[in-house]
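The values are calculated or read from the model by the stated rules, or taken from the named source; none is laboratory data. Note that the structure is predicted; figures quoted are calculated from it, not measured. Note that we place each Cβ from the backbone using ideal geometry, even for glycine, and neighbour counts take in every protein chain shown.
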Amino acid sequence: MNQPIHTFSPHADDGSVLLAQVSDPHLFADQDNAFLGVNPHASLSAVIGELQQTDGVDAVLATGDLSQDHSDEAYHLFARMMGKLPAPTFVLPGNHDSPHLMNAILTGPKVKCGRRLVIGDWQILMLDSTVVGKPSGHVSVDERTWLVQMLKSHSDMNTLVALHHHPVGTGCTWLDHHCLDNGHELLALLSRYHNVKAVIWGHVHQEMDQKYQHLRLLAVPSTSIQFLPNSHNFVLDSAQPGYRLLRLYPDGSIDTVVKRLSCGQFTPDGGATGY
């Protein structure tokens, strides 16, 4: 991931940054395809509809698993859909994605692969935690080297780190087999830099809000299906698709809230045992 740095000013008069995080839409080329009982095109469209009513969003972060069928058209579809938002969308890959296709297709002015964003007093560092052929993740030596370079070179900037895989356990036995395999190492590294304020991720299809030393650890619901928290085996949750809003203040503090669709129209396949 060698994308350029993207720098822009926040909308808010107080210098705070408003980010929206979406994750794991699992789109198909065929917009009518269902994903374990939920149409991912319809659910992402509904989330986009809510974000269109949210004023002042500076950027949208999409934290992986954009496509379920690894097709060119799924990525083109994602770009067309997210391009309806006034704010730019920056993406990173998940284990269901094709990073090569993402980098080739998501190159437009509104939707593009992200690496380092600078907005006001904040930098957002976006990592690739994918491992070819595996659902679990790993932050490579090259990624960690780049991360340290960015943290040391910009030690005066508040920092948010984004990736796809979860660096801490979820309480779901089956899901934690597919975690970031060097998550503790990553968090130990990040905890040495007090300008790093939070780590956010997707992958787990559920809300999480934890602490590791001074770091805020945040997971976001999927815009498609949800995983039932604290389950030993694969079980889908009836909770509605969602997204996260993060308000990042110049003093390094963060306010955040998870929003879920209130329509109640997205009902997953309760008998599903995996995918």
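Here are a few things to note about the model shown:
- Filter result for GLY108 (small (Gly, Ala, Ser) and touching an Asp or Glu at 6+ places or on another chain (Cβ under 7 Å)): no
- Residues that are in a strand (DSSP E or B) and loosely packed, with under 14 Cβ neighbours inside 10 Å within the range 226-275 comprise ASP255, VAL257, listed in sequence order.
- Considering the range 25-43, and only residues there that are not hydroxyl-bearing (Ser, Thr, Tyr) and not in a loop (DSSP other than H, G, I, E, B), the residue that is nearest to GLN240 (Cα to Cα) turns out to be VAL38.
- When each of PRO135, PRO109 is tested for being assigned to a strand (DSSP E or B), surrounded by fewer than 16 Cβ atoms within 10 Å (Cβ to Cβ) and either of a type in the set (D, E, K, R) or under 20 Å from the mean Cα position of the chain (by Cα) (or both), the lone residue that passes is PRO135.
- The residues in the range 47-67 that are small (Gly, Ala, Ser), under 19 Å from PHE227 (Cα atoms) and assigned to a strand (DSSP E or B) can be counted, and the count is 2.
- Number of the condition not met by GLU50 [criteria: (1) at pLDDT 95 or above; (2) surrounded by fewer than 20 Cβ atoms within 10 Å (Cβ to Cβ); (3) within 25 Å of GLY137 (Cα to Cα)]: (3)
- One residue alone among VAL199, VAL235 is closer than 17 Å to VAL168 by Cα, β-branched (Val, Ile, Thr) and at pLDDT 95 or above, and that residue is VAL199.
- Beta carbons closer than 7 Å, at least 6 apart along the sequence or on distinct chains, pair a first residue in the range 232-250 that is free of Cβ contacts under 8 Å to residues at least 24 places away in the same chain and over 17 Å from THR63 (Cα atoms) with a second that is in a loop (DSSP other than H, G, I, E, B) and aliphatic (A, V, I, L, M) for VAL235/LEU228.
To keep it simple, each residue is scored yes or no on (1) acidic (Asp, Glu); (2) outside any loop (DSSP other than H, G, I, E, B); (3) in contact with a strand residue (DSSP E or B) (Cβ under 7 Å, 6 or more places away or on another chain); (4) on the phi < 0 side of the Ramachandran plot.
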{"position": "HIS6", "(1), (2), (3), (4)": "no, yes, yes, yes"}
{"position": "ASP14", "(1), (2), (3), (4)": "yes, no, no, yes"}
{"position": "SER45", "(1), (2), (3), (4)": "no, yes, no, yes"}
{"position": "ASP69", "(1), (2), (3), (4)": "yes, no, no, yes"}
{"position": "TYR75", "(1), (2), (3), (4)": "no, yes, yes, yes"}
{"position": "PHE78", "(1), (2), (3), (4)": "no, yes, yes, yes"}
{"position": "MET81", "(1), (2), (3), (4)": "no, yes, no, yes"}
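- When ASP176, ASP156 are checked against the criterion of being surrounded by fewer than 22 Cβ atoms within 10 Å (Cβ to Cβ), closer than 18 Å to ASP24 by Cα and out of contact with any strand residue (DSSP E or B) (no Cβ under 8 Å at 6 or more places or on another chain), ASP176 stands alone in meeting it.
- Cross-chain or 6+ apart pairs with Cβ under 9 Å, the range 254-275 first and under 19 Å from ASP65 (Cβ atoms), then in a loop (DSSP other than H, G, I, E, B) and of a type in the set (Asp, Glu): VAL258/GLU207; ARG260/GLU207
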